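Engineer: My structure is below; once you've seen it, I'll send some questions.
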Amino acid sequence: MLEKPQDIERFQVHLLKSLNHKIIIKFYSSWDDERNKTINIITQLFTSGNLRWYSKKHRKVDIKAEKGRARQILMGLDYLHSHNPPIIHEDLKCDNIFINGNCGKVRIGDGSTKDESLDCCRNT
């Protein structure tokens with residue numbers, strides 16, 4: 001069992017590295033910053049930002065586009081939950097859904113900048 005916070009964080013980075021699905025944000029690299037006692041992660045960039053920001057900027061609701069985004073999110077969750085044991089995203093919200101507004105593609109990730117940013121996913 002993982003007890004130390006740094007061991008849990010390393011396990012979660014390992015878990016993120018292992019995910020490979022078109023709806024899960026791509027993981028590229030990570031490194032430990034010993035001086036600041038942080039783990040830095042580089043992921044795929046979505047220039048339209050997260051779903052919260054995008055929805056505030058584009059107030060007009062397009063039901064067809066919303067349905068498409070909902071389907072994509074459900075596909076990503078199905079992928080996470082299909083692992084054995086299932087991977088549970090414990091912080092799914094508009095801030096953690098990233099969007100490419102031009103083509104309507106979304107990705108599930110974690111946009112947190114706090115120290116607990118890796119706590120979003122756990123393997124139960």
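Engineer: Taking 0.36 nm per residue of separation and subtracting the Cα-Cα distance, what length does fully extending residue 64 through residue 90 add?
Structural biologist: Gain in length upon complete extension: 6.6 nm.
Engineer: Full extension from residue 53 to residue 83: what is 0.36 nm times the residue separation minus their Cα-Cα distance, to one decimal in nm?
Structural biologist: My answer for the length gained is 7.8 nm.
Engineer: With a 10 Å radius around each residue's Cβ, average the other Cβ atoms per peptide and rank 57-66, 86-95, 35-44, highest first.
Structural biologist: Ranking, from highest mean packing down: 86-95, 35-44, 57-66.
Engineer: With an 8 Å cut-off on Cα pairs and a minimum separation of 6 or more residues, tell me the relative contact order of the chain in percent.
Structural biologist: Relative contact order comes out at 28 percent.
Engineer: I would also like to ask the following. Between residue 20 and residue 8, what is the label-point separation in nm under the 7 Å Cα-to-beta-carbon projection?
Structural biologist: Taking the two extended label points, one gets 2.9 nm.
Engineer: Viscosity 0.692 mPa s, temperature 37 °C: Stokes-Einstein D of region 1-72 from its Kirkwood Cα radius, in µm² per second?
Structural biologist: Here the translational diffusion coefficient equals 217 µm²/s.
Engineer: Expressed as a fraction of 2.2 N^0.38 Å, the rule-of-thumb size for a compact globular protein of N residues, what is the C-alpha radius of gyration of the chain?
Structural biologist: 1.11
Values quoted throughout were computed directly from the atomic coordinates according to the rules given, and no laboratory measurement underlies them. Values in this document were obtained by computation on a predicted structure and should not be read as measured data. Positions of Cβ are generated from backbone atoms using ideal geometry, with glycine treated the same way; all protein chains shown enter the neighbour counts.
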